[in-house]
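Single-structure report; data block below.
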Amino acid sequence: MSVSKKKFNLVVLDMAGTTVADGGLVEQAFSAAAWQMGADPESMIGYVRATMGESKISVFRHLFGGDEGLAQTANAAFEAAYGERVAAGLIVPIPGAREAIERLRGEGRSVVLSTGFARVTQDAILAALGWEGLADFTLCPADAGGRGRPYPDMVLAAFLRSGAADGVQEIAVVGDTSYDMLSGARAGAGVVA
């Protein structure tokens, strides 16, 4: 069966960069967190860019040599800095994103919004955009056992929780980073774009 004839009953959409434009807020919040931790953000920004889409706590674990306490403190500082920027109105939906989600749901498809951010940040973004209830549900790494992208866990959690697809081949995963693509491919999604 060709891709065009398959039914995709479950659509898993990334948030920041795919459905939400944040104008570089991830890097800004990361820099603020690094400074707060007494670290030089310039020495770390390359890794942050290379792992865009990954769970933020995983990035901090790597950057702070596996020191869980430092990683948790840095992650909390990042989430606070990002949340301040969201509250200041510095995010907007990608043009047409809301309408696309509404159309997909109107066609009877289940739509899940996923992110590498913590739940508190995801909820702040949804509230700032007025997107509460727009998707069938939302997922962050904590909702999928704590592992974010590039692992397939959030896509598979969406599959299991939604009950919308008969098999993983009926899942479409859409994102803007290589980690989004890897996550969808590892989950066996029928479309990864």
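The values are calculated or read from the model by the stated rules, or taken from the named source; none is laboratory data. This is a predicted model, so every value here is computed, not measured. The area values use the complete protein model at the heavy-atom level, side chains included, leaving out ligands, DNA and RNA. Shrake-Rupley method; radii C 1.70, N 1.55, O 1.52, S 1.80 Å.
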Computed lengthening from residue 94 to residue 49, 0.36 nm per intervening residue step minus Cα-Cα distance: 14.2 nm
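Expected output is a single nm value to one decimal: the length gained when fully extending between residue 160 and residue 27, i.e. 0.36 nm times separation in residues minus the C-alpha distance. What is it?
On the way: separation 133, 0.36 × 133 = 47.88 nm, distance 3.28 nm.
Stretched fully, the residue 160-residue 27 segment lengthens by 44.6 nm.
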Report in % the part of the accessible area of segment 1-154 that belongs to carbon and sulfur, leaving out ligands and nucleic acids; probe 1.4 Å. 54 percent
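Among DSSP beta bridges whose residues both lie in the chain, state the antiparallel percentage, nearest 5.
On the way: 2 of 18 bridges.
Of all bridge pairs located within the chain, approximately 10 percent are antiparallel.
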With a bin width of 5 angstrom, please list the P(r) values of segment 1-80 as percents of all Cα-Cα pairs, from the 0 bin to the one holding the largest distance. 3, 14, 23, 21, 11, 8, 6, 5, 5, 3, 1, 0
I need to check one value: relative contact order of segment 37-193, counting alpha carbon pairs closer than 8 Å and at least 6 residues apart, in percent. 20 percent
Amide H proximity to residue 192 below 5 Å, modelled H, separation 5+ or other chain, gives 173
Could you work out the pair-distance distribution P(r) of segment 86-151 from its alpha-carbon pairs, with 5 angstrom bin width and percents rounded to whole numbers? 4, 16, 25, 23, 19, 11, 2
Report the Stokes-Einstein translational diffusion coefficient (µm² s⁻¹, integer) for the chain, Rh taken as the Kirkwood radius over Cα pairs, at 25 °C with viscosity 0.890 mPa s. 145 µm²/s
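Taking only protein heavy atoms and a 1.4 Å probe, what accessible area per residue, in Å², does the chain have with all protein chains in place? Could you put the intermediate results ahead of the total?
Working: 8580 Å² over 193 residues.
Averaged over the residues of the chain, the accessible area is 44 Å².
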